[in-house]
Amino acid sequence: MRKSMTASLLVLSTAAMAQPNAAAINSGASALQPKLVEWRRHLHQHPELGNREVQTAAYVAAHLKALGIEVREKVGVTGVVGILRGGKPGPVVALRADMDALPVKERVDLPFKSTVTAEYLGQTVPVMHACGHDTHVSMLMGTAQLLASMKKDVPGTVVFIFQPAEEGPPGNEEGGAPLMIKEGALDNPKVDAIFGLHINSQTPIGQIKYKPEGTMASSDWFTIKVKGKQTHGSQPWSGVDPIMVSAAIIDGLQTIVSREMELTKAPVVISVGKINSGVRSNIIPEEATMEGTLRTLDPNMQKQLHERMKKLVTTIAEAHGATAEVSIDTKTLVTYNNPELTAMMVPSLVKAAGEGNVKLTEWTTGAEDFSYFSDKVPGIFFFLGGMPAGKNPKEAAPHHTPDFYIDDSMLDVGVKAFANLVFDYAALKAPATKKK
């Protein structure tokens, strides 16, 4: 990677005269910091669930239109796509931010704390930006404003993708990145590369972390239905206990991880998060249903895991005189950072965050549907720190929790990263630089 990064820096130096320098880009981003905070706190106070981001989408669309950017609305239900055609020739680069909040009740006492409730799967639930998507929208709005102000110098075309339902659409609805792709978010103009970021509550503020190749896990949701034979609880020998069979299956699933997966290659997780069976303590029921998630960081291991799981579950059930059905629903792919592109663009991240603030990280078993975008075109997904300075990462509340908190005083680093990536990618792809 060092050779690739050195070559990238040389090419960037050669092309520097053809574009605004990093100092000009970064100072423009820093000047937007007060607006970034204003936008983020408005969005935080008015969160919306997946596929219901109506007001958020209107807020974004109005901002883009005011900048003179072409806008396509209702892409993937509530998604917004902005298109900025620069004043110079160059590639088409997409930048993505997700917009949806979560059914979580906020516990942090903030002046802009969410008190919103909404309907989710037939229930009234509290709503909170408990994963930082409000910061993502704010940073992409700021990037759009910065690049629009530099339009005559922008090489090629920039596509701003504001995506709904990253956390998954409700019920059986379509949504998220797959639906935006299906409805043309990466087409007309055809995108050459895509970049995305995620704020992180346990990474020091202002730091950027990245990893080449697999960086976030695929996410599969599974359902296992076990059918036994109902009987009186005092006479278990007269029936087939699906709860006992389910316990054997749960135990057996972990042997796939511990004894069959090549864990030195990539981690694998199988978690059963829900089990439902029975109505009364003295009746052995006829059926039991389990639901859970699978996480893998290698596509071949994902396929292998699916095959072994189906075989093992049905065999264990049969051995106990029961039957079992397994269904697996893939929610996200492995979030894969193109290694060549990553090596090329690391210097751009350094420009944004500064020397010593860009670090390699380990993979995570969290999942992201940005993976569908980077499966279609080369992409990079990186992490931006939002943990207050001096705080112990072990004491910082994780994402998806009521105490989740982001320090928004350095959101401009995200804008700097996006803007430098746009200009530097174009410089590296320019025909004149390819010959050198």
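The values are calculated or read from the model by the stated rules, or taken from the named source; none is laboratory data. The structure displayed is predicted, hence computed values, not measured ones. Please note: Cβ atoms are built from the backbone with ideal geometry, for glycine as well, and neighbour counts cover all protein chains shown. Side chains are part of the model used for accessible areas, which takes the heavy atoms of the whole protein and leaves out ligands, DNA and RNA. Shrake-Rupley method; radii C 1.70, N 1.55, O 1.52, S 1.80 Å.
Do any GluC sites (Glu not before Pro) in the stretch 183-280 lie in a loop, going by DSSP, with at most 11 other beta-carbon atoms within 10 Å of their beta carbon, and if so which?
On the way: sites: Glu183, Glu213, Glu260, Glu262; in loops: Glu183, Glu260, Glu262.
Here the GluC sites (Glu not before Pro) that fit, given the DSSP loop and packing criteria, are Glu262.
Roughly what would the spin-label model give for Glu325 and Asp251, points 7 Å off Cα along C-beta, in nm?
Going by the 7 Å Cα→Cβ label model, 2.7 nm.
Two decimals, Cα atoms only, Kirkwood Rh: what is Rg/Rh over the stretch 248-366? List each step's numbers first, then the result.
On the way: Rg = 20.2 Å, Rh = 17.5 Å.
Ratio of gyration radius to Kirkwood radius: 1.16.
Starting from the Cα-Cα distance between Ala389 and Thr264, subtract it from 0.36 nm times their residue separation and give me the gain in nm to one decimal. Can you show the working numbers first?
Values: separation 125, 0.36 × 125 = 45.00 nm, distance 3.40 nm.
Once the chain is fully extended between Ala389 and Thr264, it gains 41.6 nm.
Equivalent-ellipsoid semi-axes (√(5λ), Cα gyration tensor) for the stretch 167-232, whole Å, largest first? If you can, show how the numbers build up before the last one.
Values: eigenvalues 263, 104, 28 Å².
Computed over the stretch 167-232, the values are 36, 23, 12 Å.
If you find the alpha carbon centre of the stretch 207-284 and of the stretch 310-385, how far apart are they in angstrom?
The distance from the Cα centre of the stretch 207-284 to that of the stretch 310-385 comes to 22 Å.
In whole Å, what are the extents of the stretch 140-191 along the principal axes defined by its C-alpha atoms, from largest to smallest?
Between the extreme Cα coordinates on each principal axis of the stretch 140-191 lie 45, 23, 9 Å.
Where the centre of each part is set by its Cα atoms, how far does the stretch 85-153 sit from the stretch 177-198, in angstrom?
17
Within the stretch 239-277, report the trypsin sites (Lys or Arg not before Pro) that DSSP leaves as loop and that have at most 12 other Cβ atoms within 10 Å.
Values: sites: Arg259, Lys265, Lys274; in loops: Lys265.
Filter output for the stretch 239-277: Lys265.
For the chain, what size does the Cα cloud have along each of its three principal axes, sorted from largest down, in whole Å?
So the three principal-axis extents are 84, 48, 45 Å.
Distance cut-off 24 Å, Cα to Cα: go down the list Lys227/Lys303; Lys88/Lys351; Lys376/Lys429; Lys105/Lys225; Lys211/Lys265; Lys225/Lys265 and report the pairs above it. Please list the in-between numbers first.
Working: Lys227/Lys303 26 Å; Lys88/Lys351 22 Å; Lys376/Lys429 19 Å; Lys105/Lys225 32 Å; Lys211/Lys265 15 Å; Lys225/Lys265 31 Å.
From the list (Lys227/Lys303; Lys88/Lys351; Lys376/Lys429; Lys105/Lys225; Lys211/Lys265; Lys225/Lys265), the Cα-Cα distance tops 24 Å for Lys227/Lys303; Lys105/Lys225; Lys225/Lys265.
Which percent of the accessible area of the stretch 22-91 is formed by carbon and sulfur heavy atoms (probe 1.4 angstrom)? Present the calculation step by step, with values, prior to reporting the outcome.
Working: 1720 of 3000 Å².
So the carbon and sulfur contribution to the accessible surface is 57 percent.
Taking Cα atoms, how many degrees apart are the long axis of helix 54-66 and the longest axis of the chain, rounded to 10 and kept between 0 and 90?
10
From the backbone phi of the stretch 353-363, what are the Karplus-calculated ³J(HN,Hα) couplings (6.51 cos²θ - 1.76 cosθ + 1.60, θ = phi - 60°) in whole Hz, Gly and Pro given as x?
Going residue by residue, I get 9, x, 4, x, 10, 10, 10, 5, 10, 8, 5 Hz, with x marking Gly and Pro.
Summing Lys, Arg as +1 and Asp, Glu as -1, what charge do residues with Cβ under 9 Å from the Cβ of Thr361 carry, Thr361 excluded? Could you put the intermediate results ahead of the total?
On the way: positive: Lys209, Lys211, Lys359; negative: Glu362.
Summing Lys/Arg as +1 and Asp/Glu as -1 gives +2.
How do Val104, Val279 stack up against each other in accessible area, from largest to smallest, with a 1.4 angstrom probe? Walk me through the numbers before you get to the answer.
Numbers: Val104 20, Val279 145 Å².
Sorted descending by solvent-accessible area, the residues read Val279, Val104.
Which whole-number value in Å³ per residue fits the convex hull of the alpha carbons of the stretch 115-260?
Numbers: hull volume 37.1 nm³, N = 146.
Looking at the stretch 115-260, the number lands at 254 Å³ per residue.
Do any trypsin sites (Lys or Arg not before Pro) in the stretch 138-235 lie in a DSSP loop with no more than 13 other beta carbon atoms within 10 Å, and if so, which? Walk me through the intermediate numbers first.
Values: sites: Lys151, Lys152, Lys182, Lys190, Lys209, Lys225, Lys227, Lys229; in loops: Lys190.
Those satisfying the criteria are Lys190.
Tell me the label-point distance for the pair Glu318, Glu213, using the 7 Å Cα-to-Cβ offset, in nm and rounded to one decimal.
A separation of 3.6 nm, rounded to one decimal place.
What aspartates and glutamates does Lys151 reach when the alpha-carbon gap must be under 18 Å and sequence neighbours fewer than 8 apart in one chain are set aside?
Correct list for Lys151: Glu70, Asp424.
Which net charge results for the neighbourhood of Glu213, defined as the other residues with beta-carbon distances under 13 angstrom from its beta-carbon, given Lys and Arg at +1 and Asp and Glu at -1? Display every interim value, and only then the final one.
Details: positive: Lys211, Lys265; negative: Asp298, Glu340, Glu362.
Value of the local net charge: -1.
Report the semi-axes of the equivalent ellipsoid for the stretch 328-436 in whole Å, largest first, where each axis is √(5λ) for an eigenvalue λ of the Cα gyration tensor.
Values: eigenvalues 157, 88, 25 Å².
After diagonalising the Cα gyration tensor, the semi-axes are 28, 21, 11 Å.
What do you get for Rg/Rh over the stretch 79-186 if you use C-alpha atoms and the Kirkwood form of Rh?
Numbers: Rg = 16.8 Å, Rh = 15.7 Å.
Here the Rg-to-Rh quotient is 1.07.
By a straight-distance test (C-alpha under 14 Å), which aspartates and glutamates pair with Lys311 as possible cross-link partners, with residues fewer than eight away in the same chain excluded?
Straight-distance partners of Lys311: Glu260, Glu325.
Dividing the convex hull volume of the Cα atoms of the stretch 217-256 by its residue count, what figure in Å³ per residue is obtained? Write out the running numbers ahead of the final one.
Working: hull volume 3.2 nm³, N = 40.
Residue-normalised Cα hull volume stands at 79 Å³.
What are the aspartates and glutamates whose alpha-carbon lies under 12 Å from the alpha-carbon of Lys274, with same-chain residues fewer than 8 places away excluded?
By straight Cα distance, Lys274 reaches Glu291.
Less than 12 Å Cβ to Cβ from Glu166, Lys/Arg counted +1 and Asp/Glu -1: what total charge do the surrounding residues give? Intermediate results must be reported in sequence, preceding the final value.
Numbers: positive: Arg96, Lys331; negative: Glu53, Asp98, Asp100, Glu167, Glu368, Asp369.
With Lys, Arg at +1 and Asp, Glu at -1, the net is -4.
If R₀ is 56 angstrom, what is the calculated FRET efficiency for the pair Leu121 and Ala31, using the beta carbon separation as r and rounding to 0.05? Let's see the in-between values first.
Values: r = 43 Å, r/R0 = 0.77.
Efficiency at R0 = 56 Å is approximately 0.85.
Given axes a ≥ b ≥ c from the Cα gyration tensor, I'd like to know whether the stretch 329-389 is rounded (a/c under 1.5), prolate (a/b larger than b/c) or oblate.
Details: a/c = 2.68, a/b = 1.46, b/c = 1.83.
It comes out oblate by the Cα gyration axes.
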